[in-house]
Amino acid sequence: MRKRLRAPLGLLIITVVSTLFVEFFFMLYDENIAHWFSLSENTLAVLDAVFITAFITPFIYFLIIKRITRGEADILRLNESLLTDRKETEENRVKITALLASLGEGVVATDNNGVVTMINHHAEKILGWSSNEIIGKIFTGVVQATDENGKPTPADKRAISRVLVGIPKKKDVQQYQHPIYEHLYYTQKNGTQVPVKVTVTPIILKNKVIGAVEIFYDASKERQLEKTREDLLALASHQLRTPLSGTKWLIETLINGIHGPLTPPQRDYLNEIYKINERMTSLVSDMLGVIRMENSIIPINKSSVSTDTIIKNIMKSFEPIAKGKCITVQVEKDADHEIETDQIILKNILDCLISNAVNYSNIDGCVLLGLKKSGNEIVFSVKDTGIGIPRDEQKKLFERFFRASNAKIFNTKGTGLGLYIASLLSERIGAKLSFESEEGKGSTFYVHIPTQG
Amino acid sequence: MNHVLVVEDEDFLVRALKDNLISEGHTVAVAMDGEAVFDELRKKKPSIILLDLLLPKKNGFDVLKQIRQSPEWQLIPVIILSNLGEDSEIKRALELGANDYFVKSQHPIQEVIEKVREYVEGRGSTKIGL
């Protein structure tokens, strides 16, 4: 505003000052001038006006010219800036196009309705659809997805649809901006299924989802490697277990007296060998479990399951074992809850915790399986009246092959892998393990399972 | 007296199974590979088959499939005794018509013998022994 007023104001000041100056001069000397040059009053007035004009004109001219020149310079600068911007935009566009083309992953961008706005060359190659065929169409409509068993994945369940739903009111935008991952099979244009690993990120502008970017890659080779690794592991597992099962059955045959009665020392020796064999079997089984876990070979199949069903299954397998040791296993729950989890993996985790509770409790001990909802999580607890864990050893409890000093004395059969496997399994299903323990009094282990929302 | 067909390629496991089954009063035939199974089946129809999965010449899954497709042998109870313990393998065997599945290293031989007794006495019901 001030800048705009500066020119007319300057003009006004120059006009007023110049007029005053000329008028003042004529006021002082008009009689002398009229006398010296024998001028009439009218001529003097004209002369006055001419003087004023002559005096003001250069200033006005200077001002106007300067302004025009400056304006021109501004226009030139603006033009230059626009050209630079356009060049930069063009350069950036070319760079992004080159970057997308050079990526080893497929990239697809959509608007907020899931309509494809951009697709890179690699995505075209993986999907078999050209950009002309896919741009302007809804991505999930053109590219169908299935799970590993060939079951179609509904469009609204796919990551790209989930991020486009919008930001839930209570959710933090930054938190929502995190990418979502999924593994599925895309159906190529020719109908072939290709395994893909997908990452989808929402594009958020002023707290609104205006689109999404999906990055994916062909995981065929990875799947093939996984398959080979699984086969090798299955074979290794079989080859290690076969001699162990042979030893076990031969010892059992001898102990059962099929080939005649045994002397007490012979029976003792065989019992010891049997225990060693059982320990070796557990170790092999646990180590193979660890390899599977660490290589993420165990697939996750989450579904909605009632906590009552989980508890019922666990109790069924543990009651006879606990009875054998005169240990009571009780259940204490606040209600039946519906949870979204992999029930086999959750059962494995709880099996491990209850098995430890039973194995490290004295005869006539008590194991309490608890369940309650706490905030945004369902918490299973396994409480025992067993030997507890020494305070200074508690930090190492979830480490591979770690066994507490009192556990080694109390039960020689453990492998030190059970809790490590349980922690890996928990990680796989998004649960957390925690515990509290006092040596000589017992321990309580907790499995925290986050609930949705 | 019931006749049991043991399909197993490891000598020491055959020996343990054979000794225990005979002491129970059964007669036992042994096939050491997947093709010998059918020779033994032709010789004498067993009351039950104990079948390993990883076998020379023809694997246990294929043997099971062939048994279940044969009108003559399809009703014979088949118990899988294997050290393959993956869920997918157990599922596959049960889908192919196995009556039971035991992971050998995890079960005492007496459990297997008891299961055989249940089947030959007509008390057996399909249950996975894991």
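The values are calculated or read from the model by the stated rules, or taken from the named source; none is laboratory data. Being a predicted model, the structure only gives us computed values, none of them experimental. Every residue, glycine as well, gets a Cβ built from its backbone with ideal geometry; the counts of neighbours run over all protein chains shown. Protein only, heavy atoms only, side chains kept; ligands, DNA and RNA dropped before computing areas. Shrake-Rupley method; radii C 1.70, N 1.55, O 1.52, S 1.80 Å.
Determine the share of the range B:33-88's accessible area contributed by carbon and sulfur atoms, expressed in whole percent, with a 1.4 angstrom probe. Spell out each step's value before the answer.
Details: 1170 of 2500 Å².
C and S atoms contribute 47 percent here.
What is the distance, in nm, between label points placed 7 Å from the Cα along the Cα-to-Cβ direction at residue A:178 and at residue A:16?
So the two model labels end up 6.8 nm from each other.
Sort A:446, A:217 by accessible area with a 1.4 Å probe, largest first. Write down the numbers at each step before the final one.
Numbers: A:446 55, A:217 75 Å².
Sorted descending by solvent-accessible area, the residues read A:217, A:446.
Tell me, what is the percent relative contact order of chain A, built from C-alpha pairs under 8 Å that lie six or more residues apart?
Working: 609 pairs, mean separation 38.2, N = 453.
RCO, chain A: 8 percent.
Let me spell out the model: positive unit charges on the Cβ of Lys and Arg, negative unit charges on the Cβ of Asp and Glu, origin at the Cα centre of the protein assembly as shown. What dipole size does that give, in debye rounded to 20?
Numbers: 72 positive and 74 negative charges, 65 e Å.
In debye, rounded to 20, the protein assembly as shown gives about 320.
From the phi angles alone, apply the Karplus equation (6.51, -1.76, 1.60; θ = phi - 60°) to the range A:246-259 and give each ³J(HN,Hα) in whole Hz, x where the residue is Gly or Pro.
With the stated coefficients, the range A:246-259 comes to x, 4, 4, 5, 5, 5, 4, 4, 5, 4, 6, x, 5, 9 Hz.
How much of residue B:42 can a 1.4 Å solvent probe reach, expressed as accessible area in Å² and rounded to 10?
Surface accessible to solvent at residue B:42 totals approximately 150 Å².
Just grab the label-to-label distance for residue B:88 and residue B:42, each label 7 Å out from Cα along the Cβ direction, in nm (one decimal).
A separation of 3.5 nm, rounded to one decimal place.
Counting only protein heavy atoms and rolling a 1.4 Å probe, how much accessible area do A and B lose on contact, total for both sides, in Å² to 100?
Numbers: alone 28810 and 6710 Å², together 33630 Å².
Summing both chains' loss of accessible area gives about 1900 Å².
Rounded to the nearest 10 degrees, what's the angle between the helix A:343-359 long axis and the longest principal axis of chain A, both from Cα atoms, 0 to 90?
Tilt relative to chain A: about 50 degrees.
Residues of A:424-437, mean number of Cβ from any other protein chain within 10 Å of their own Cβ, rounded to a whole number?
On the way: counts 0, 0, 0, 0, 0, 0, 0, 0, 0, 0, 0, 0, 0, 0.
Mean shielding count: 0.
How much net charge surrounds residue A:282 when only other residues with a Cβ under 14 Å from its Cβ are counted (Lys, Arg +1; Asp, Glu -1)?
Values: positive: A:241, A:248, A:275, A:279, A:403, A:413; negative: A:278, A:286, A:351.
Value of the local net charge: +3.
Can you pull the one-decimal nm distance between simple spin-label points at residue A:80 and residue B:33, each 7 Å off the Cα toward Cβ?
8.9
If you count, for every residue in B:81-88, the Cβ atoms of partner chains within 10 Å of its Cβ, what is the mean?
Working: counts 2, 4, 11, 5, 6, 8, 3, 3.
That works out to 5 on average.
Other chains' Cβ within 10 Å of A:246-257 residues: what's the mean? Show your work: numbers first, answer last.
Numbers: counts 10, 3, 8, 15, 6, 3, 7, 9, 2, 1, 7, 1.
Going residue by residue through A:246-257 and averaging, the value is 6.
Give the percent of DSSP beta bridges with both residues in the protein assembly as shown that are antiparallel, rounded to the nearest 5. Intermediate results must be reported in sequence, preceding the final value.
On the way: 57 of 82 bridges.
Just about 70 percent of them are antiparallel.
What ranking of A:186, A:29 comes out by heavy-atom accessible area, probe 1.4 Å, highest first?
Sorted descending by solvent-accessible area, the residues read A:29, A:186.
For Cα pairs less than 8 Å apart in space and 6+ apart in sequence, what is the mean separation divided by the residue count of the range B:54-99, i.e. the relative contact order in percent? Could you put the intermediate results ahead of the total?
Numbers: 27 pairs, mean separation 21.5, N = 46.
About 47 percent, as a whole number.
On average, how much accessible surface per residue is there in the protein assembly as shown, in Å², for a 1.4 Å probe, leaving out ligands, DNA and RNA? Write out the running numbers ahead of the final one.
Values: 33630 Å² over 583 residues.
Ligands and nucleic acids excluded, the result is 58 Å² per residue.
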